[in-house]
1. Since residue 27 meets every condition but one in (1) surrounded by fewer than 19 Cβ atoms within 10 Å (Cβ to Cβ); (2) in contact with a helix residue (DSSP H, G or I) (Cβ under 9 Å, 6 or more places away or on another chain); (3) closer than 25 Å to residue 174 by Cα, which condition does it not meet?
2. Go through region 1-97 and tell me which helices (runs of 4 or more DSSP H), entirely inside it, have 2 or more residues that are in contact (Cβ under 8 Å) with a residue 24 or more places away in the chain.
3. Are any of the residues in region 113-125 charged (D, E, K, R) and under 16 Å from the mean Cα position of the chain (by Cα)?
4. Examine region 9-18 for a residue that is at negative phi, open to solvent by less than 40 Å² (accessible area, probe 1.4 Å) and under 12 Å from the mean Cα position of the chain (by Cα), and state whether such a residue exists.
5. Return yes when residue 5 is under 21 Å from residue 96 (Cα atoms), at pLDDT 90 or above and either touching a Gly at 6+ places or on another chain (Cβ under 9 Å) or exposed (fewer than 13 other Cβ atoms within 10 Å of the Cβ) (or both) and no when it is not.
Amino acid sequence: MNKNRLEAFSDGVLAIIITIMVLELHVPDEPTWRGLGSVLPTFLSYLLSFVYVGIYWNNHHHMIHLASRVNGAILWANQHLLFWLSLIPFTTRWMDESGFVQIPVLTYGINLLCAAIAYFILERALIRQQGRDGPLAQAIGRDWKGKASPLIYVAGLGLTAVQPLLGVAVYTIVALIWLIPDRRVEHFVTHAHRD
């Protein structure tokens, strides 16, 4: 099957997720710096979730760009990823509105962990379709970030049980790791675009 519909649908869903999150931002009750400070935790939780959705969008774009075709397994793996990503506005809001207490922060971390696992499943489905010598397998190589992230999320979940803000700090560290661009993937995407 052609990959264009999968890519267009995914882009639309991710755009809606970001829109839902931004609609959760409310103006301060008073027009003062103190009023602005009162919505700072909401803005920071939005920023973290926006960065996560942006990371997934960028990596999804590169990954699908390296695919020539998709099959049913890939379509379902993609839906699985979109399901977990679509829960990010809910878990973000709950974490923020609860004041970053344990259970909502744990739920947010579980959401991030499940999205990472779903992304890995989609990546594997694409590699199975292309073969181990395909462009995606070559581009990601050992995929140390993809393998380390779930382990770091689990550590974050453990730290959340001790102090929820430590869990949020760990989730932030994972996002920062993914913000560092992987030049190999960029190289393969550029090469595939030329071909």
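The values are calculated or read from the model by the stated rules, or taken from the named source; none is laboratory data. The structure presented is a predicted model; accordingly, all values stated were derived computationally and were not measured. Cβ coordinates were reconstructed from backbone atoms using ideal geometry, including for glycine residues, and neighbour counts include every protein chain displayed. In case anyone asks, the SASA skips ligands and DNA or RNA and just uses the protein heavy atoms, side chains included. Shrake-Rupley method; radii C 1.70, N 1.55, O 1.52, S 1.80 Å.
1. Here residue 27 meets the rest and fails (3).
2. Details: elements: 4-23, 33-38, 40-65, 72-86, 88-97.
Per the criteria, 4-23, 40-65, 72-86, 88-97.
3. Yes, the conditions are met somewhere in region 113-125.
4. Checked region 9-18: at least one residue is at negative phi, open to solvent by less than 40 Å² (accessible area, probe 1.4 Å) and under 12 Å from the mean Cα position of the chain (by Cα).
5. Working: under 21 Å from residue 96 (Cα atoms): no; at pLDDT 90 or above: yes; either touching a Gly at 6+ places or on another chain (Cβ under 9 Å) or exposed (fewer than 13 other Cβ atoms within 10 Å of the Cβ) (or both): yes.
Considered against the rule, which asks whether it is under 21 Å from residue 96 (Cα atoms), at pLDDT 90 or above and either touching a Gly at 6+ places or on another chain (Cβ under 9 Å) or exposed (fewer than 13 other Cβ atoms within 10 Å of the Cβ) (or both), residue 5 comes out as no.
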